[in-house]
Amino acid sequence: MNLESRTDITPALRIIPRDQHTISRKNISKAALRVLYRLNEAGYAAYLVGGAVRDLLLGLQPKDFDVATDATPDEVKKLFRNCRLIGRRFRLAHVVFGPEIIEVATFRGLGEEGGEGDRHIVDGRIVRDNIWGTIEEDAIRRDFRANALYYDISDFSVRDYVGGMQDLEDRVLRLIGDPVTRYREDPVRMLRAARLAAKLDMRIDAAAMAPFESIGPLLADAAPARLFDESLKMFLSGNGLKSFRMLEQCGLLKFLFPVTARALKRGDEALRSLVEHGLANTDARIAEGKSVTPAFLFAVLLWGEVRDVAHHWIARGQDSNEAWARAAAQVVGEQCQRVAIPRRFTFTMEEIWSLQPRFEQIQRKRVFRLMTHPRFRAAFDFLLLRADESPAMRELGQWWAHAQQLPQEVLAAALPAGGGGSASDHMPAPVASKASRPRRRRRRPGDKPGSM
Ligand code: ATP
Ligand code: MG
């Protein structure tokens with residue numbers, strides 16, 4: 001970050017007193033309030049800041065509460081027994097209250113590199129930023145104007161240095177400063193724009209959107225582990241479908257998920273529908289408080305390409321198992337260069353994919369073997385999503401749904417011991433009479449319904 005990029009920004013403070021805004025302490029977590037009061041009593045400035053203030057003003061429940069102060073991390077640590085200092089790139093204090101962590105950050109300054117403090121910039125990118133500053137400086141180094149509002153615990157007012165209140169009213173995300181410079185400093189800000197626009201139902205200002213195409217390729221240099229975290233925030237926070245559509249609409253999908261963008265571009269509407277259904281199901285599960293796993297999500301996002309590559313190898317005479325394994329390795333390998341999906345998840349993804357062809361083998365032994373596979377549930381949920389691919393897939397999904405409802409002996413009797421045939425050839429008649437009412441397959445512990 002250099003001062004040059006900020007000559008267009010003159011922070012102009014507007015104070016919105018308590019009776020002119022909607023933030024109530026009722027909606028702020030007890031833990032955050034304790035941190036704010038404690039800092040304030042010790043003579044430091046203490047503000048709630050960032051997404052929490054923004055969300056509260058929009059009438060949403062914040063997912064975390066961040067605090068900004070003029071106390072240094074060491075000074076914060078002295079005030080709280082339950083405090084640990086973290087981070088190298090950004091030194092921060094975490095004050096821990098059971099499961100809740102309040103992040104306390106010292107105001108960051110705009111000091112020049114080489115001056116006092118610890119800021120490190122490589123090719124215009126901020127790689128370390130530990131220069132303390134004033135609240136005005138802290139405000140203008142934030143990304144969006146709507147993210148630079150401060151709730152002052154000393155008088156319950158909101159401090160607006162860069163016009164964030166206006167943007168919340170207009171429901172628009174505007175960057176602070178020159179967009180190209182701000183994205184060069186940190187290309188992940190582009191993804192944040194898309195994610196926040198989706199989550200908050202706000203639009204992205206035209207000036208903030210314009211550089212996406214030219215600066216987007218810089219996302220290739222962002223740390224893949226950070227892009228994994230950012231992907232989870234986009235897709236596993238309850239707004240996955242909206243985030244996905246926003247990424248595509250903004251032209252950013254191809255930089256983050258080149259594999260997905262490529263498969264979608266081949267023009268398969270069924271694939272788009274499958275991906276969108278997968279994301280919508282995930283959102284619904286989150287809304288119901290059910291568990292979700294990144295493995296299923298990424299299995300959905302990468303499926304189109306894996307399937308097509310596997311079919312390509314099979315058409316060239318390769319053995320089916322080998323073709324699927326090879327396709328999975330190739331596609332996962334390419335995607336992980338961008339987004340570092342941890343091994344424990346890619347392993348599950350590969351299992352979900354490789355079980356798909358096995359659903360088409362309707363023979364007694366194979367059916368029962370597949371049903372007891374530890375990944376059966378996730379693979380079956382995945383099969384149900386594939387109903388979008390073709391009527392035959394839909395029928396296959398229905399067959400397996402029905403098969404799981406049947407008493408084992410009825411199912412076994414209906415299945416051929418060997419040989420082939422389509423699912424419908426071997427579908428036992430639905431059991432209607434009371435005496436033999438379908439028995440639900442007993443769930444194993446840890447086998448979450450509809451989950452992965
Ligand atoms: P969420 O709803 O996901 O928590 P958020 O805006 O609170 O959204 P955080 O990652 O929690 O996102 O960041 C907290 C605040 O820190 C932001 O509101 C913003 O002011 C600042 N911030 C976060 N990331 C960046 C960034 N890459 N560049 C500049 N400022 C940032
Ligand atoms: Mg936040």
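Annotations
- The condition (being within 24 Å of the chain's Cα centre (by Cα) and within 13 Å of ligand 1 (Cβ to nearest atom)) is satisfied by just one residue among 193, 139: 193.
- Restricting the first member to segment 258-269 and to residues that are assigned by TED's automatic domain parsing to the domain that holds residue 337 and surrounded by 16 or more Cβ atoms within 10 Å (Cβ to Cβ), and the second to residues that are in a helix (DSSP H, G or I) and of a type in the set (A, V, I, L, M, F, W, C), the beta-carbon pairs closer than 7 Å and six or more apart or on different chains are 259/302; 259/331; 260/253; 260/301; 260/302; 261/253; 263/271; 264/271.
- Residue in segment 309-328 that is over 14 Å from residue 260 (Cβ atoms), within 26 Å of the chain's Cα centre (by Cα) and surrounded by 14 or more Cβ atoms within 10 Å (Cβ to Cβ) present: yes
- Just one residue in the set 198, 207 is assigned to a helix (DSSP H, G or I), among the small types (Gly, Ala, Ser) and more than 13 Å from ligand 1 (Cβ to nearest atom); that residue is 207.
- Pick from segment 36-61, criterion within 9 Å of ligand 1 (Cβ to nearest atom) and in a loop (DSSP other than H, G, I, E, B), ranking: surrounded by the fewest Cβ atoms within 10 Å (Cβ to Cβ): 60
- Filtered by the rule that a residue be within 13 Å of the chain's Cα centre (by Cα), of a type in the set (A, V, I, L, M, F, W, C) and assigned to a helix (DSSP H, G or I), segment 219-241 gives 225, 227, 228, 232, 234, 235, 241.
- Test result for residue 171, in contact with a strand residue (DSSP E or B) (Cβ under 7 Å, 6 or more places away or on another chain), among the basic types (Lys, Arg) and at pLDDT 95 or above: yes
- Contact map, segment 45-62: first residue more than 17 Å from residue 159 (Cβ to Cβ) and free of Cβ contacts under 8 Å to residues at least 40 places away in the same chain, second residue aliphatic (A, V, I, L, M) and within 11 Å of ligand 2 (Cβ to nearest atom), Cβ cut-off under 6 Å, separation 6 or more or different chains; pairs are 62/52.
- Selection within segment 62-98: residues that are assigned to a loop (DSSP other than H, G, I, E, B) and within 16 Å of ligand 2 (Cβ to nearest atom). The member of this set that is surrounded by the fewest Cβ atoms within 10 Å (Cβ to Cβ) is 63.
The values are calculated or read from the model by the stated rules, or taken from the named source; none is laboratory data. Source: prediction; values computed, not measured. In this analysis, Cβ positions are derived from the backbone assuming ideal geometry, glycine residues included, and neighbour counts consider all displayed protein chains.
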